Amino acid sequence: MENTQVAVTAQSTQVQNQTIVQSPFSAAALTQEQMAIIKNQIAPGISDNDLMYCLEIAKQAQLNPIIKEIYFVPRKAQINGQWVEKHEPMVGRKGARAIARRKGMKVPPNTGTTIKKIPVLKNGAWEEERDLVGWAEMTIDGVTVRKEAAYSVYKQTTKDGSVTKFWKDMPTVMVEKVAEFQLLDAIYGLDGVMSIDAGVLDVEAEGSNAQRPQPTTVNMTSTPGGLMEKVAAAKAEAANPEPVAEVVPEPEASQFKDLAELGIALSELGLEMTTKEHGGKTYALISGGNIGGLEETLAGYGFAKGKKEWGMEVTDLVAAEAGTLF
């Protein structure tokens, strides 16, 4: 597929004392208030142009960023010799499976890990070394299709060579997810979107050793949306927040650098996060999914169990998002 760079310019107009930002791709438009909600909840620091581009990709792939089916991830890119920060639309396991189900997948693939020898080029000669390998397979019309992903090939590192957080803490989970993404893309085609697990979330500076994604060509034809209605629902919910039922215990400082990273980690565990304001502080509360068996993991993330729900104080993480663009 030939790489294509799309020029995106969002246009602003005044309608009934409201500033309307028009998408350059379709008739869709957002008010500045709606854009502020999306930026605060989904992609702090994103530009109007990048937001419209990412929302269009989400619409074409029929994925909802509000429920974490697709993420808008800040990335450093070198353009004309200068490093700039851009936001790229990426999917995790939840988004990849959503696309595959829409295209006919009935049950998710079988996945697992193993230790096996893989070829490695050393000093100009090929050798075999033992490695952690994730695998995913499905049987389609009597034919078993299998994809594998080796830890040494896909693990992500920062500029100083250290392994990034998720690949250090959950290596077996990460290689499984990469293998599953490759399998679903091979069987169903994942609409040109990139895996958040095979890319890198925490590019800390220029010169990082981590793999950088390349632009993908996206068909910008019109498809049924519904995203604007979901944005309006999010706006109404933000305008009438439910009261906090209880103040959860305040655990030690979180190991996450910002709220977005925490939300992604919970999403990959099948959990959803909501935030509530109380007493001048912001709290993250867990909902959805089955917490059974995840107590130790949640405690390690910094959550504490209250009378009715798990939660943690995240005021510092919210400030980190607003001040550092992830």
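The values are calculated or read from the model by the stated rules, or taken from the named source; none is laboratory data. Remember, it's a predicted structure, so these values are computed and weren't measured experimentally. Note: ideal-geometry Cβ built from the backbone for every residue, glycine included; neighbour counts use all protein chains shown. SASA here: full protein model, heavy atoms, side chains in, ligands and nucleic acids out. Shrake-Rupley method; radii C 1.70, N 1.55, O 1.52, S 1.80 Å.
General observations
- Linear extension gain, residue 67 paired with residue 106, 0.36 nm per residue minus alpha-carbon span: 11.9 nm
- Per residue value of the accessible surface for the stretch 64-157 (all protein chains in place, 1.4 Å probe), Å²: 57 Å²
- The label-point distance for residue 309 and residue 169, in a model that sets each label 7 Å from Cα toward Cβ, rounds to 2.1 nm.
- Each peptide among 157-168, 85-96 gets the average number of other Cβ atoms lying within 10 Å of its residues, and from highest to lowest they stand as 85-96, 157-168.
- Mean separation of Cα contacts under 8 Å, 6 or more apart, over the residue count of the stretch 131-179: relative contact order %: 43 percent
- Accessible carbon and sulfur surface of the stretch 84-168 relative to its total accessible area, %, 1.4 Å: 48 percent
- Lysines whose Cα lies under 20 Å from that of residue 305, excluding same-chain neighbours fewer than 8 positions away: 276, 281
- Calculated FRET efficiency for the pair residue 76/residue 123, C-beta based, R₀ 30 Å, to 0.05: 0.40
- In a reduced charge model with +1 at each Lys and Arg Cβ and -1 at each Asp and Glu Cβ, the stretch 53-101 shows a dipole moment near 260 debye about its Cα centre.
- Eligible lysines near residue 106 by straight Cα distance, threshold 17 Å, same-chain separation 8 or greater: 94
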